[in-house]
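Comments concern the structure below.
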Amino acid sequence: GAVVSQHPSWVICKSGTSVKIECRSLDFQATTMFWYRQFPKQSLMLMATSNEGSKATYEQGVEKDKFLINHASLTLSTLTVTSAHPEDSSFYICSARAFGQGSGTEAFFGQGTRLTVV
Amino acid sequence: SQQGEEDPQALSIQEGENATMNCSYKTSINNLQWYRQNSGRGLVHLILIRSNEREKHSGRLRVTLDTSKKSSSLLITASRAADTASYFCATDPNAGGTSYGKLTFGQGTILTVHP
């Protein structure tokens, strides 16, 4: 199957700093990528839809100024957590669908990033 | 919003036994997918069943879908200790455009298989 690489796999940062997480589709082009957040022992919550070349679409309740998403190319989307606080500590996962694939096919997930804000 | 409800929330069985997990959803779907997640790791895609399918098999996995009841089940036969993980269902909306790939996940079932 297609490969989505997410980096870093874990990061520890101080409160008030910003952290950037990368999501790359390695062997396919992804016009759309998705960012999810998962708290311990909970399910995945969709944060935003990242569209190549345009602004991201955020889910209700997700602060767009805090979680900056950039999808500059067909193979890379980045999520920047700005002015991080301890409550932002979570597991962040991206997913992507291949270009030209319609609904009805699997989404490919990155391996996730464990963010700890101290 | 999370539309999927899964039960049980936790399941503990012995190796060799079968494990059944159920998922219910609320809106119309194009397909439903099951994923596995080991603790603190990413998601592994297990199986996808389309809305016009009723049953699908993959190795020791069997998935059923009942669109009239808006429910699905995942059966793992002859379970192994290595099957210990969290299992999530995810629904793919019956929509086009940039909604492709926008999955809504259930709450998950934590499966523990004892050797």
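The values are calculated or read from the model by the stated rules, or taken from the named source; none is laboratory data. Just so it is clear, the model here is predicted, and its values are computed rather than measured. Here the Cβ is made from the backbone with ideal geometry for all residues, glycine too, and neighbour counts use every protein chain on show. When the accessible area is computed, the model is the full protein with side chains, heavy atoms only, and any ligands, DNA or RNA have been set aside. Shrake-Rupley method; radii C 1.70, N 1.55, O 1.52, S 1.80 Å.
Here are some notes:
- In the assembled protein chains, residue A:114 presents an accessible area of approximately 90 Å² (probe radius 1.4 Å).
- Per-residue shielding of B:35-45, expressed as the average number of other chain Cβ atoms within 10 Å of the residue Cβ, stands at 5.
- On a per residue basis, the convex hull of the C-alpha atoms belonging to the protein assembly as shown measures out at 116 Å³.
- Figure legend: label point modelled 7 angstrom from the Cα of residue A:27 along Cα→Cβ; residues of the range A:1-16 with amide N under 13 Å from it are A:1-5.
- Residue-level accessible surface for residue B:102, protein heavy atoms, 1.4 Å, Å²: 60
- Percent of Cα pairs exceeding the 21 Å cut-off, where the set is chain B: 32
- Listed residues B:71, B:39 arranged by accessible area, highest first, probe 1.4 Å: B:39, B:71
- Using a Förster distance of 30 Å, the FRET efficiency for residue A:70-residue B:41 (Cβ separation, nearest 0.05): 0.70
- Accessible surface, 1.4 Å probe, highest first, among residues B:56, B:26: B:26, B:56
- Rh by Kirkwood over Cα pairs, then Stokes-Einstein D for the range B:32-97 at 1.002 mPa s and 20 °C, µm²/s: 167
- Among the cysteines of the protein assembly as shown, A:13 have no other cysteine beta carbon within less than 4.7 Å of their own.
- Counting Cβ atoms of other protein chains within 10 Å of each Cβ in A:33-39 and taking the mean gives 2.
- Segment residue A:85-residue A:5, length gained on full extension (0.36 nm per residue, minus Cα span): 26.3 nm
- Close amide H contacts of residue A:89 (hydrogens built in the peptide plane, cut-off under 5 Å, sequence separation of 5 or more or a different chain): A:117.
- Surface listing: B:53, A:63 arranged by accessible area from highest to lowest gives A:63, B:53, probe 1.4 Å.
- For chain A, the Kirkwood radius over C-alpha pairs fed into Stokes-Einstein at 10 °C and 1.306 mPa s yields D = 112 µm² per second.
- Computed with every protein chain present, the accessible area of residue A:85 is close to 80 Å² [probe 1.4 Å].
- Kirkwood Rh in Å, taken over the range A:43-97 so that all alpha-carbon pairs contribute: 12.0
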